[in-house]
């Protein structure tokens with residue numbers, strides 16, 4: 001099934017808002033907006049959809065520059081962006097709980113011990129010529145709340161040098177990303193270079209030095225071309 | 001120049017013979033005008049909306065024969081938008097773009113979630129549920145969710161959109177005020193669907 005990042009029924013409205021209509025079409029749209037409440041509401045809805053897609057990182061590339069120029073630059077635009085971002089976080093939080101509940105149900109059904117982390121082997125002793133020790137792997141849930149309650153807790157095995165964080169790749173997004181690790185206080189602890197996810201891969205894998213993490217809360221932000229795509233919250237014990 | 005009471009009354013009569021219904025029509029007209037000027041990139045959208053209303057009301061009060069008032073307003077508004085564009089272009093030549101203050105983006109990232117929670121908590125449960133479900137998920141999920149939500153509520157998709165848009169407008173206004181002044185009392189923010 002084709003995935004649409006935006007409602008295809010509102011294409012004309014998107015193009016109007018972004019200044020992509022020709023003069024005749026633009027004048028028609030102006031008249032409709034000014035004379036008809038339903039037409040005006042469709043454009044309002046299209047405007048909200050653009051902001052929501054932008055904060056999800058799902059805005060089509062051809063819309064990005066006109067969106068930033070025409071809609072984002074104003075004071076209203078910044079308010080709309082703040083609200084869209086907050087709504088997106090709230091939505092991710094509730095979807096995350098549904099996801100956690102589904103996984104918990106699955107685990108209960110198949111009897112696998114519940115753990116958020118696949119542990120690496122015991123503290124490695126590295127011998128010359130031996131393969132590098134495997135990293136600890138943490139699977140970041142699809143969105144989560146920043147609040148202390150309910151966020152996943154990971155315990156890093158002693159002696160592990162790297163952590164491989166696997167963040168879900170938002171559908172329809174690029175394959176090149178950057179990843180930033182922040183403490184609970186918002187201090188940036190580590191930034192990746194360009195991270196590439198295989199086309200079609202469901203995960204964005206990123207190797208982070210284990211020394212970045214001390215016990216406490218963390219936020220991982222995945223961005224693409226400077227726009228945030230997803231936020232993941234967890235705690236290290 | 002402000003509008004006289006006589007001119008305003010003439011406009012209301014032209015909008016609808018019933019005074020209460022005319023008031024509603026006036027609010028809708030002004031709301032469309034503000035949105036239009038905002039989408040046309042006018043910095044002072046509300047001022048330009050009022051300017052158009054003033055110009056139209058004066059013409060109506062002078063007894064000008066206007067057969068189709070919405071179309072007439074539309075024409076005046078489009079001319080005004082061009083005027084606003086020219087004026088802005090002239091004035092922007094004298095402006096120097098100021099960079100956003102340091103930390104502005106960090107602050108914008110930090111507080112919206114807290115403000116949204118506060119503003120959502122000021123809504124009643126049904127309204128909160130409606131807006132969260134209406135704006136949840138990506139484009140395809142939204143189309144599915146909205147059909148299901150409209151069926152659940154027994155209303156058309158248009159009515160549902162209307163409710164959601166009004167709620168979102170209120171949320172944006174509440175979140176915006178909260179961001180500008182964290183200490184602002186938001187207890188007055190109520191759902192008045």
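The values are calculated or read from the model by the stated rules, or taken from the named source; none is laboratory data. Keep in mind that what you see is a predicted model, and the values were worked out from it rather than measured. Because the Cβ atoms are built from the backbone with ideal geometry, glycine has one as well, and the counts that use them run over all protein chains shown.
Residue-wise test of (1) at pLDDT below 75; (2) within 14 Å of chain B (Cβ to nearest Cβ).
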position: A:108; (1), (2): yes, no
position: A:149; (1), (2): yes, yes
position: A:170; (1), (2): yes, yes
position: A:194; (1), (2): no, no
position: A:200; (1), (2): yes, no
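Is one or more of the residues making up region B:157-170 out of contact with any helix residue (DSSP H, G or I) (no Cβ under 8 Å at 6 or more places or on another chain), within 17 Å of residue A:53 (Cα to Cα), without any contact (Cβ under 8 Å) to a residue 60 or more places away in the chain and within 10 Å of chain A (Cβ to nearest Cβ)?
Checked against the condition, which is being out of contact with any helix residue (DSSP H, G or I) (no Cβ under 8 Å at 6 or more places or on another chain), within 17 Å of residue A:53 (Cα to Cα), without any contact (Cβ under 8 Å) to a residue 60 or more places away in the chain and within 10 Å of chain A (Cβ to nearest Cβ), region B:157-170 yields no hits at all.
Can you name the residue in region A:172-182 that is at pLDDT below 80 and either in contact with a strand residue (DSSP E or B) (Cβ under 9 Å, 6 or more places away or on another chain) or over 30 Å from residue A:6 (Cα atoms) (or both) and, of all such residues, is surrounded by the most Cβ atoms within 10 Å (Cβ to Cβ)?
Only one residue fits best here, namely A:173.
Working only within region B:54-69, note down all residues that are within 14 Å of chain A (Cβ to nearest Cβ) and without any contact (Cβ under 8 Å) to a residue 24 or more places away in the chain.
B:67, B:68
I'd like the full set of residues that are surrounded by 17 or more Cβ atoms within 10 Å (Cβ to Cβ), farther than 22 Å from residue B:163 by Cβ and modelled with pLDDT under 95, limited to region A:5-56.
A:5, A:54, A:55, A:56
I'd like the full set of residues that are in a helix (DSSP H, G or I) and in contact with a helix residue (DSSP H, G or I) (Cβ under 8 Å, 6 or more places away or on another chain), limited to region B:61-75.
B:61, B:69, B:70, B:71, B:72, B:73, B:74, listed by residue number.
So if I check each of B:83, B:7, which one is under 22 Å from residue A:71 (Cα atoms), more than 14 Å from chain A (Cβ to nearest Cβ) and more than 14 Å from the chain's Cα centre (by Cα)?
Result of the check over B:83, B:7: B:83.
Given region A:1-83, what helices (runs of 4 or more DSSP H) lie entirely inside it while holding 3 or more residues that are over 30 Å from residue A:222 (Cβ atoms) and more than 8 Å from chain B (Cβ to nearest Cβ)?
A:23-35
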